[in-house]
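The values are calculated or read from the model by the stated rules, or taken from the named source; none is laboratory data. Remember, predicted model here, so these are calculated numbers, not experimental data. Please note: Cβ atoms are built from the backbone with ideal geometry, for glycine as well, and neighbour counts cover all protein chains shown. Protein only, heavy atoms only, side chains kept; ligands, DNA and RNA dropped before computing areas. Shrake-Rupley method; radii C 1.70, N 1.55, O 1.52, S 1.80 Å.
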Amino acid sequence: MNKLTVARAPVSEWLAQLPSVDKVLALECCQDWLRHYGRDEVLRVIRSTLALIRQECLAQKRTTQPDLEAVLAEIRQTLEKRATPNLRRVINLTGTVLHTNLGRAVMPPEVIDAMASAAAEPCALEYDLGEGKRGDRDELVEELLCELTGAEAATVVNNNAAAVFLLLHALSNRKETIVSRGELIEIGGAFRIPDIMKRAGAKLIEVGTTNRTHPRDFSEAINPKTALLMKVHTSNYVVQGFTAEVPEADLARIAHERQLPFVVDLGSGTLIDLARYGLPSEPTPRQALEAGADLVTFSCDKLLGGPQAGILVGRRDLIQKIKKNPLKRVLRVGKVTLAGLEAVLRLYRNPETLPQRLTVLQLLTRPESEMQAQALRLMPQVQAGLLTCGLTLHTRPVKSQIGSGSLPVERLPSVALAIEASTKAHEKTVVRLERLLRASPTAVIGRLSEKSLLLDLRCLTIDKEQVLVAHLLAAVASLVAAP
Ligand SMILES: *Cc1c(COP(=O)(O)O)cnc(C)c1O
């Protein structure tokens, strides 16, 4: 009661003193905005900002009178914010190279060039230039895919989830697909093998137990309604201890004895054995096909290092059947994706240069000594600033992850900058710093671990070093300004 009578009088005065839309429009600063953002946008923002301020005054959410300076500052901020893209750039210092929430694979310059020119100009996407008639967009990459995997035929869809879905819909609709119980995986929440099966119209027959599945489990489950035997690469976890899984070659033999196709969802699918580059091995489509798989599916934006897409390779007759399914049209990829995919696949023709040319592999194979040298370059530039906020800075050996379900238990030795509170009183400052870095123009994403902020340097390319330094110093300045 008391509060109301005290507050009401000044609020009505504040409202009366707010500038009109016309008054703002006539101001000098507004002429710049009009040139830059256009009349419609500036008017929209002036009106909405004034309305918001009025509403906040009436709701007594403001404790001081909004003067002209404050009103103009709010309009400017809103104009700037609305002009900033929603898809923000990020410096990935999480230590996860293929981070699904940060867009997975970062692509090489020649791949980006190919995608940009496909976007900028007309291209022969579905046009046979030799014959002067309609062509098939899959042909742009089919030969390369066959060459790199040893398959007879190939097709491309939106992502690997789509590849698995289309495969089941085309080959197992109203029929049964047999999968080991140990492989009924969930990936990133929305992709669960049993749910995909159901939506594709396939009846899932689970065999074996979580930890052990034997050849006879499969052969005994086969009946006239069986359409496929399927193996799913358990991307994001491992079953350890008393375990048994049926090797691909045995599954292929069991399937083929009954004239059934054997299909494999490889998940990440790298086209070359990474052991060659000193990394842990991940199965390749070629190995699966050589073991007898009739079809293999995999992602293009995981270890392969390209744009988001899903690939199906294998027997020609099965690929033909899949391509004839009407859902292929629903799940097809666009020209920008195909241009990027073709460019990235071409890099695989020369495996020797791949660690220099394929960005994902470049990051995965970065030597520790290089990250250590980078840490030593960065530290003197920000150490003093951090110290003024009560924060200490050290280097720390950490383990990076490959990510996106590739090699879930393998870790790569890396180097991180570790920022910690110098006293207990400064522990909150570490949390605030993490938030400020996330709000930077190029968002800096590290990870809070125990009481430190860890900035894993594995994915910090040289060209982003000074951006990171600038954002760290700006965050320090904010912390100093408002301790
Ligand atoms: C990642 C993954 C998928 C999903 O692939 P997307 O390209 O993300 O659709 C499916 N199966 C396995 C085994 C995976 O690892």
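Quick notes on this one:
- Residue match in region 251-262 (condition: touching a Ser or Thr at 6+ places or on another chain (Cβ under 9 Å), among the charged types (D, E, K, R) and more than 15 Å from the ligand (Cβ to nearest atom)): yes
- For region 351-367, a tally of residues being more than 11 Å from ILE272 (Cβ to Cβ) and loosely packed, with under 14 Cβ neighbours inside 10 Å returns 3.
- In region 163-182, the residues that are part of a helix (DSSP H, G or I) form Cβ pairs under 9 Å with partners that are of a type in the set (D, E, K, R) and open to solvent by less than 10 Å² (accessible area, probe 1.4 Å), at six or more places apart or across chains, as follows: ALA163/ASP265; VAL164/ASP265; LEU167/ASP265.
- Qualifying position, being more than 16 Å from the ligand (Cβ to nearest atom) and modelled with pLDDT under 95, among GLY189, GLY241, GLY182: GLY241
- Considering region 446-473, the residues that are surrounded by fewer than 16 Cβ atoms within 10 Å (Cβ to Cβ) and in a helix (DSSP H, G or I) include one that is farthest from the chain's Cα centre (by Cα), namely LEU473.
- Residue among ALA373, ALA343, ALA339 that alone is open to solvent by 10 Å² or more (accessible area, probe 1.4 Å), free of Cβ contacts under 8 Å to residues at least 60 places away in the same chain, outside any loop (DSSP other than H, G, I, E, B) and among the small types (Gly, Ala, Ser): ALA373
- Scanning region 171-208 for residues that are out of contact with any strand residue (DSSP E or B) (no Cβ under 8 Å at 6 or more places or on another chain) and open to solvent by less than 20 Å² (accessible area, probe 1.4 Å) yields a single hit, ALA200.
- Test: residue in region 209-232 that is over 20 Å from ALA291 (Cβ atoms), loosely packed, with under 15 Cβ neighbours inside 10 Å and of a type in the set (A, V, I, L, M, F, W, C): no
- Within region 120-141, tally of residues that are in a helix (DSSP H, G or I) and either open to solvent by less than 40 Å² (accessible area, probe 1.4 Å) or among the aromatic types (Phe, Trp, Tyr) (or both): 1
- Within region 263-274, considering residues that are touching a strand residue (DSSP E or B) at 6+ places or on another chain (Cβ under 6 Å) and outside any loop (DSSP other than H, G, I, E, B), the one farthest from the ligand (Cβ to nearest atom): VAL263
Matching residues to (1) assigned to a strand (DSSP E or B); (2) closer than 19 Å to VAL179 by Cα; (3) not hydroxyl-bearing (Ser, Thr, Tyr):
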| position | (1), (2), (3) |
| --- | --- |
| MET230 | yes, yes, yes |
| VAL239 | no, yes, yes |
| GLN287 | no, no, yes |
| THR297 | yes, yes, no |
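- Filter result for ALA252 (assigned to a strand (DSSP E or B) and farther than 30 Å from THR100 by Cβ): no
- Verdict on LYS399 being more than 30 Å from GLN308 (Cβ to Cβ), open to solvent by 60 Å² or more (accessible area, probe 1.4 Å), more than 16 Å from the ligand (Cβ to nearest atom) and modelled with pLDDT under 95: no
- Number of the condition not met by SER281 [criteria: (1) of a type in the set (Ser, Thr, Tyr); (2) touching a residue at least 60 places away in the same chain (Cβ under 8 Å); (3) open to solvent by 20 Å² or more (accessible area, probe 1.4 Å)]: (2)
- Take the conditions (1) within 24 Å of the chain's Cα centre (by Cα); (2) within 14 Å of the ligand (Cβ to nearest atom); ALA288 misses just one of them, which is (1).
- Residue within region 161-178 that is assigned by TED's automatic domain parsing to the domain that holds LYS321 and farther than 23 Å from ASN325 by Cβ present: no
- In region 233-270, residue nearest to LEU167 (Cα to Cα) [restricted to those that are of a type in the set (S, T, N, Q) and exposed (fewer than 14 other Cβ atoms within 10 Å of the Cβ)]: GLN259
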